[in-house]
Amino acid sequence: MAAQAQVSTWHFRGFAKDGAAISGVIDAQNREAALATLKTRGLILHRLDTAETGWRQRFQSYLPSTTTLSRQELHELLRDLATLLTARLPIDEALSTLEASSGSKRRSTALKAIRADIADGGGLAEALSGLPGMPGFVVGMTRAGEASGDLGLTLGRLAESMARALTLRQALQSALTYPLILLAVTAISLLVIMTVVVPSLKPLLQGAGAAIPLTARILVWISDLLANQGDILAVGMTVALLALLLWLRRAPAREALARWSLRLPLIGSLQRKGETAIVCRTLGTLIEAGAPLPEALEIAGSAARNAAFGASFVEIRDRVREGAELSAEFKRIGILAPAAGQFAAVGERSGRLAAMLLVAADTLEQETQRQSARLVALISPIMTVGLGGIVALVVISILSAVMSVNDLAF
């Protein structure tokens, strides 16, 4: 008797042809079967994930897939594909050309998967949605381009939007790179002092027959704690870190952390402007391509890395369907930079909403770049002085204790 094929449960999210959001679960033997079933329902797929939660599936979810493209690789692929489609090459020929000239095995594997799906009668958006780790906003904007009849133009705008988003995120990362390196070097220096220098001086200090200065006693106590309880501390910190990572796998936890990060001094304002620029550019491009506003709002929210934006844009989508003004909702939710609501209001009054959202994105991108440059110039000397002062205090405490021992010797 033949073994019965195993059936898995799949979670899906997508849109009906009228733009209404649809989500649910289906049972299918594999991902291809699930995609085929959803295609027969006329669903515009946004996300498809397996519901299996065994240890093997959880472990494999942390491993890189051979077809998961980085944002930089995805941007380059879409840029090159847009160029070929704009030159009026058929999509299959364009994909074949890119695959033949691909210098990356991962990009070549992804292109083969896309070509296979299109050869089976699917569209580019559907093929992209079948790749693991594919951002929802890329699928949505591709779908809008196919519906508009000018896929090359839409992919070009998508590639440009991704390039700007990458530039913004690199600016944010560069603003934090030096302070984080400085913090790591300081932590390592203090650890070496506490585990190597202080233990070697401890017999000298305790054998002097005089009271050890308070700061030196504190250093000796910390050194003893690391020497005697270091294993327990390491295990405790590891368990706490794992617990935090498990907690952050929950959507409400990620959203709460994301909202908290937006309230941080300096960094919060910078992140708010950067993410607002990204969602405004995505939303403006989608509207310009003819996507319905409710669908465009959810896709634009998924373009942001900050989880609070995705949740808030779903809420905005529902309110807009009920007749609320977009600009009023932008101001109400309180996480967007104020410029987004102001430019959206101008766009609604003038009938040029897409153009004004793109202008808002340009303005916020420029502000983010200027603010990140100022932040680097401000944080670097402050952290250098502050962390240098901590190390100096530790060294002076050790030297003062040694000098007090020498005074007793004479």
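The values are calculated or read from the model by the stated rules, or taken from the named source; none is laboratory data. Worth saying up front: this structure is predicted, and the values here are computed from it rather than measured. Please note: Cβ atoms are built from the backbone with ideal geometry, for glycine as well, and neighbour counts cover all protein chains shown.
Residues being more than 19 Å from GLN271 (Cβ to Cβ) and crowded, with 16+ Cβ neighbours inside 10 Å: count how many of those fall in region 332-344.
Number satisfying all stated conditions: 3.
State which residue pairs qualify: first residue at pLDDT below 85 and inside region 352-371, second residue surrounded by fewer than 18 Cβ atoms within 10 Å (Cβ to Cβ) in any location, beta carbons under 6 Å apart, and separation of 6 or more residues or different chains.
none
Results for (1) farther than 30 Å from ARG249 by Cα; (2) within 28 Å of the chain's Cα centre (by Cα); (3) surrounded by 15 or more Cβ atoms within 10 Å (Cβ to Cβ); (4) modelled with pLDDT of 85 or more, shown as yes or no for each residue.
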| site | (1), (2), (3), (4) |
| --- | --- |
| ALA36 | no, no, no, no |
| ILE44 | no, yes, yes, no |
| ARG56 | no, yes, no, no |
| LEU69 | no, yes, yes, no |
| LEU85 | yes, no, yes, yes |
| ILE91 | yes, no, yes, yes |
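I need the full set of residues from region 357-373 which are over 14 Å from ILE278 (Cα atoms) and surrounded by 13 or more Cβ atoms within 10 Å (Cβ to Cβ), in order please. Can you show your working first?
Going residue by residue through region 357-373, those that are over 14 Å from ILE278 (Cα atoms) are 370-373.
Hits for region 357-373 are GLN371, SER372, ALA373.
Give just the number: which of (1) surrounded by 24 or more Cβ atoms within 10 Å (Cβ to Cβ); (2) under 22 Å from ALA258 (Cβ atoms); (3) modelled with pLDDT under 90; (4) of a type in the set (Ser, Thr, Tyr) does THR276 not satisfy?
Of everything listed in (1) surrounded by 24 or more Cβ atoms within 10 Å (Cβ to Cβ); (2) under 22 Å from ALA258 (Cβ atoms); (3) modelled with pLDDT under 90; (4) of a type in the set (Ser, Thr, Tyr), THR276 misses just condition (3).
Return the pairs, sorted by first residue and then second, in which the second residue is surrounded by fewer than 18 Cβ atoms within 10 Å (Cβ to Cβ) and outside any helix (DSSP H, G or I), the first residue lies in region 132-151 and is at positive phi, the beta carbons are less than 8 Å apart, and the residues are 6+ apart or on different chains.
Pairs found: GLY133/SER65; GLY133/THR68.
Given the structure, is ALA258 in a helix (DSSP H, G or I), buried (at least 16 other Cβ atoms within 10 Å of the Cβ) and at pLDDT below 85?
yes
Would a scan of region 155-176 turn up a residue that is free of Cβ contacts under 8 Å to residues at least 12 places away in the same chain and more than 29 Å from GLY301 (Cα to Cα)?
Within region 155-176, not a single residue is free of Cβ contacts under 8 Å to residues at least 12 places away in the same chain and more than 29 Å from GLY301 (Cα to Cα).
Condition check: closer than 17 Å to GLU275 by Cα, free of Cβ contacts under 8 Å to residues at least 40 places away in the same chain and in contact with a helix residue (DSSP H, G or I) (Cβ under 9 Å, 6 or more places away or on another chain). Does SER312 satisfy that?
The answer is yes for SER312.
How many residues are surrounded by fewer than 17 Cβ atoms within 10 Å (Cβ to Cβ), part of a helix (DSSP H, G or I) and small (Gly, Ala, Ser) when one looks only at region 132-175?
Number satisfying all stated conditions: 3.
Under 7 Å between Cβ atoms, which residue pairs at least 6 apart in sequence (or on different chains) link something in region 92-109 that is in contact (Cβ under 8 Å) with a residue 24 or more places away in the chain with a partner that is surrounded by fewer than 16 Cβ atoms within 10 Å (Cβ to Cβ) and of a type in the set (S, T, N, Q)?
Cβ pairs passing all conditions: ARG106/THR66; THR109/THR66.
Within region 238-251, is even one residue assigned to a helix (DSSP H, G or I), in contact (Cβ under 8 Å) with a residue 40 or more places away in the chain and out of contact with any helix residue (DSSP H, G or I) (no Cβ under 6 Å at 6 or more places or on another chain)?
Checked region 238-251: at least one residue is assigned to a helix (DSSP H, G or I), in contact (Cβ under 8 Å) with a residue 40 or more places away in the chain and out of contact with any helix residue (DSSP H, G or I) (no Cβ under 6 Å at 6 or more places or on another chain).
Which of the residues spanning region 94-137 are among the hydroxyl-bearing types (Ser, Thr, Tyr) and either under 19 Å from GLY152 (Cα atoms) or modelled with pLDDT of 80 or more (or both)? Can you show your working first?
Applying the first criterion (among the hydroxyl-bearing types (Ser, Thr, Tyr)) to region 94-137 yields 96-97, 101-102, 104, 108-109, 129.
Within region 94-137, SER96, THR97, SER101, SER108, THR109, SER129 meet the criteria.
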